[in-house]
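Student: Shown below is the structure under consideration.
The values are calculated or read from the model by the stated rules, or taken from the named source; none is laboratory data. Computed from a prediction, not measured in an experiment: that's the story for all the values here. Cβ coordinates were reconstructed from backbone atoms using ideal geometry, including for glycine residues, and neighbour counts include every protein chain displayed.
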Amino acid sequence: MEWLQLVNKIEASVVETLNSRTSKFSSKLSEMTYWDEKMRGGWLCLKIPPFVGVSDSNKKELREACIWKVPKKGWAKLNFNGASRGNLGPIGIGCCLHDDYCRELAKVEKPIGIESSNKAKILVLVEGLLLCQNRGISKLAIEGDSDIIINGLRKGFLPNWKLNAILSRALNLLKDFQKTTFNHIYREGISRADELANAGADGQFIS
């Protein structure tokens with residue numbers, strides 16, 4: 001069992017180091033603002049995670065201020081989400097499609113069994129893209145609260161190799177659209193998709 005004791009010792013050391021670095025990082029956030037802006041200006045493709053450098057109080061304000069917005073003229077918007085009752089646990093998926101007059105064109109809510117939340121969110125994205133394809137949508141704005149999935153669409157791969165086959169399906173479907181955009185948004189801005197996903201997790205159907 002000496003190897004187990006060694007592993008535990010290494011793990012404890014790593015945790016202590018990470019906690020120390022996190023504490024130092026938090027105390028330096030205000031000093032990083034200037035350099036953050038410099039990097040953003042010089043590297044236009046840089047995608048900064050939404051919570052980096054944001055205090056807990058500011059997170060709450062940003063979430064409360066986050067609202068769903070009507071898509072641009074001639075565009076449609078697809079919002080998607082997954083809801084879990086544990087991870088792994090019973091999962092529901094939900095997505096909705098709106099046009100530039102704020103009309104809901106289509107929606108999906110359904111349970112998909114026991115899955116991880118990330119798998120649920122990439123599965124519902126595929127479901128939503130098929131929905132848009134069947135509706136003949138050509139210009140599509142995609143919004144979800146999973147920065148992992150949104151960045152996966154931008155980069156063309158996901159950190160979890162098991163999900164990449166599903167992502168490939170989504171990327172192939174995207175080729176059928178004339179124009180697409182991908183944006184991360186807080187859950188408060190996709191309340192309809194969140195409602196549908198939770199209904200799916202509970203095996204309900206809502207109007």
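Student: Taking GLY152 and the conditions (1) in contact (Cβ under 8 Å) with a residue 40 or more places away in the chain; (2) under 15 Å from the mean Cα position of the chain (by Cα); (3) buried (at least 20 other Cβ atoms within 10 Å of the Cβ), which numbered condition does it fall short on, given that it satisfies the others?
Tutor: Of everything listed in (1) in contact (Cβ under 8 Å) with a residue 40 or more places away in the chain; (2) under 15 Å from the mean Cα position of the chain (by Cα); (3) buried (at least 20 other Cβ atoms within 10 Å of the Cβ), GLY152 misses just condition (1).
Conditions (1) farther than 29 Å from ALA65 by Cα; (2) aliphatic (A, V, I, L, M); (3) in contact (Cβ under 8 Å) with a residue 40 or more places away in the chain, marked per residue:
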| residue | (1), (2), (3) |
| --- | --- |
| LEU130 | yes, yes, yes |
| GLY156 | yes, no, no |
| LEU167 | yes, yes, yes |
| LYS175 | yes, no, no |
| ASN183 | no, no, yes |
| ARG192 | no, no, yes |
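Student: So, in the range 80-116, of the ones that are free of Cβ contacts under 8 Å to residues at least 40 places away in the same chain and aliphatic (A, V, I, L, M), which residue ends up farthest from LYS162 (Cα to Cα)?
Tutor: Out of the qualifying residues, it is LEU105.
Student: Scan (1) in contact with a helix residue (DSSP H, G or I) (Cβ under 7 Å, 6 or more places away or on another chain); (2) over 22 Å from SER191 (Cβ atoms) for the single condition LYS139 breaks and write down its number.
Tutor: So the condition that LYS139 fails would be (1).
Student: How many of the residues making up the range 161-185 are at pLDDT 95 or above, of a type in the set (Phe, Trp, Tyr) and under 30 Å from LYS60 (Cα atoms)?
Tutor: Residues meeting the conditions: 0.
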